[in-house]
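What follows is a single structure, written as structure tokens, with notes after it.
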Amino acid sequence: MRAARRADRGCLDRALDRRRGTRGRTRVETLVSRRFVLLDRDGTLNEDRPDSVKTPDELVMIPGAAEAVARLTGAGVPVAVVTNQANIGRGVIDEAMLSRIHDKLRREIARSGGRLDAILFCPDHPERATERRKPGSGMLREALESFGVEPGDALLIGDSLKDLEAGARLGCRRALVRTGKGRATEREGVPPSLAPVAVYDDLAAAVEAILEGAP
Ligand SMILES: [Mg+2]
């Protein structure tokens with residue numbers, strides 16, 4: 001893990017070097033290179049399941065999601081997953097199984113040429129939740145600190161109010177996708193306290209907008 005973080009920092013340093021050296025030359029790259037994307041997992045990257053993803057076989061990617069991460073990787077934008085996994089706190093799966101599920105997630109994304117720079121999960125049972133569990137912002141803070149990113153430079157993308165609230169608490173920009181629980185979240189209404197929230201059909205559409213310079 002430590003080695004991985006060093007590699008991630010290296011990636012960030014290179015992004016900063018690029019920014020310094022590209023004045024007036026490649027504005028799009030300059031715009032995206034200071035960015036950082038925090039991704040919810042279930043309903044954003046992979047299909048949501050009411051009974052939760054319990055095995056690697058149950059992890060089914062949302063169409064276009066792996067390619068979307070690959071586009072971020074290609075643009076030099078680090079990506080960290082922040083996922084609530086109460087099924088560990090509930091005793092449904094253990095951390096070894098979650099690790100196997102995440103190995104599959106990484107493989108699916110690697111097959112499209114993309115990379116998850118970090119995966120953070122919170123095992124808390126909802127009734128014994130700490131600040132790490134979304135809508136708490138603890139996991140998001142950990143991710144930003146380990147990459148040396150300011151909250152205002154990070155975009156949180158998710159399908160539920162918990163995601164948006166976690167992002168809002170920390171001061172990250174926020175986007176809702178209509179996959180997973182996203183349509184229901186949109187229909188039920190996003191509280192004004194969480195605005196502004198950009199809304200996209202799916203992760204692919206969100207990434208398209210980001211790379212075109214959407215805030
Ligand atoms: Mg979700």
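Data table
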| item | result |
| --- | --- |
| Members of region 147-158 that are in contact (Cβ under 8 Å) with a residue 24 or more places away in the chain and either touching a Pro at 6+ places or on another chain (Cβ under 8 Å) or of a type outside the set (Asp, Glu) (or both) | Phe147, Gly148, Val149, Ala154, Leu155, Leu156, Ile157, Gly158 |
| Candidates Thr185, Thr179 - the one that is at pLDDT 95 or above, in contact with a strand residue (DSSP E or B) (Cβ under 7 Å, 6 or more places away or on another chain) and surrounded by 15 or more Cβ atoms within 10 Å (Cβ to Cβ) | Thr185 |
| From the options Val79, Val92, residue that is surrounded by fewer than 19 Cβ atoms within 10 Å (Cβ to Cβ), more than 15 Å from the ligand (Cβ to nearest atom) and among the β-branched types (Val, Ile, Thr) | Val92 |
| Unique residue being under 24 Å from Arg90 (Cβ atoms), touching a residue at least 40 places away in the same chain (Cβ under 8 Å) and either in contact with a Phe, Trp or Tyr (Cβ under 9 Å, 6 or more places away or on another chain) or assigned to a helix (DSSP H, G or I) (or both) when the list is Leu140, Leu120, Leu144 | Leu140 |
| Those residues of region 149-167 which are crowded, with 20+ Cβ neighbours inside 10 Å and within 16 Å of the ligand (Cβ to nearest atom), in sequence order | Leu155, Leu156, Ile157, Gly158, Asp159, Ser160, Leu161, Asp163, Leu164, Glu165, Ala166, Gly167 |
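The values are calculated or read from the model by the stated rules, or taken from the named source; none is laboratory data. The structure displayed is predicted, hence computed values, not measured ones. Ideal geometry is used to build each Cβ from the backbone, glycine not excepted, and the neighbour counts take in all protein chains shown.
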